[in-house]
């Protein structure tokens, strides 16, 4: 189990309105994605994302803490995730998938938020199905499920419906969230059970 990780003061997401929680996590994902894919600075991306998110002052504080907790602990987070994604480690994952995993792992391992573990996993799976591919939802659930069993010692199950979600992964939805595909790195599908000769997706 991963017991040597230091915890930060948690973001009080459990008491926040559901719409705010979703907006904070989606905006945090947007920031992490833009920094990873576009190699932009945290300050530059944060300013653009907060202006587009319509978060209030409290939501903006939560966003900054969630992003900081993820980025400041990214090395340890990636090492922990790679333990359970040995065939497809973080450096080979699609940009959106690895940042969904990082965001959730920051909440689970470092206590970046006070949200229950099961809720964190559910939110991560829903983000993957909404903004990546339907296979990514299963991939994210598998990695986080193994992470939770190792770190917390409990089983978690998702409550997000396992449907096609085709309307949520359309080109229009992806463009609204991630920006112009001509200026952002494309998001490639992640195979659920990658083989050793699977094509690598280096960033």
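The values are calculated or read from the model by the stated rules, or taken from the named source; none is laboratory data. Every value quoted in this text rests on a predicted model; they were computed, and no experiment measured them. In this analysis, Cβ positions are derived from the backbone assuming ideal geometry, glycine residues included, and neighbour counts consider all displayed protein chains.
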All but one of (1) within 18 Å of residue 24 (Cβ to Cβ); (2) in contact with a helix residue (DSSP H, G or I) (Cβ under 9 Å, 6 or more places away or on another chain); (3) in contact (Cβ under 8 Å) with a residue 12 or more places away in the chain hold for residue 60; which doesn't?
(3)
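If you scan region 86-97, which residues turn out to be closer than 16 Å to residue 147 by Cα and touching a helix residue (DSSP H, G or I) at 6+ places or on another chain (Cβ under 9 Å)? Walk me through how you get there before you give the answer.
Here is the first cut: in region 86-97, the ones closer than 16 Å to residue 147 by Cα are 86-90, 97.
Within region 86-97, 88, 89, 90, 97 meet the criteria.
From the list 119, 146, 104, pick out the single residue that is closer than 21 Å to residue 19 by Cβ and either surrounded by fewer than 18 Cβ atoms within 10 Å (Cβ to Cβ) or in contact with a strand residue (DSSP E or B) (Cβ under 6 Å, 6 or more places away or on another chain) (or both).
Of the residues listed, the single one that is closer than 21 Å to residue 19 by Cβ and either surrounded by fewer than 18 Cβ atoms within 10 Å (Cβ to Cβ) or in contact with a strand residue (DSSP E or B) (Cβ under 6 Å, 6 or more places away or on another chain) (or both) is 119.
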Would you mind finding the one in 129, 83 that is in contact (Cβ under 8 Å) with a residue 24 or more places away in the chain, within 26 Å of residue 151 (Cα to Cα) and under 14 Å from the mean Cα position of the chain (by Cα)?
129
For region 63-80: of the residues being surrounded by 23 or more Cβ atoms within 10 Å (Cβ to Cβ) and free of Cβ contacts under 8 Å to residues at least 40 places away in the same chain, which is farthest from the chain's Cα centre (by Cα)?
63
Does residue 32 qualify as being surrounded by 15 or more Cβ atoms within 10 Å (Cβ to Cβ), closer than 28 Å to residue 134 by Cα and modelled with pLDDT of 90 or more?
yes
On the basis of being within 25 Å of residue 145 (Cα to Cα) and at pLDDT 90 or above, does residue 58 make the cut?
no
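Taking the conditions exactly as written (crowded, with 23+ Cβ neighbours inside 10 Å and under 17 Å from the mean Cα position of the chain (by Cα)), does residue 97 satisfy them or not? Quick ask: steps written out before the conclusion?
Working: crowded, with 23+ Cβ neighbours inside 10 Å: yes; under 17 Å from the mean Cα position of the chain (by Cα): yes.
Yes: the conditions hold for residue 97.
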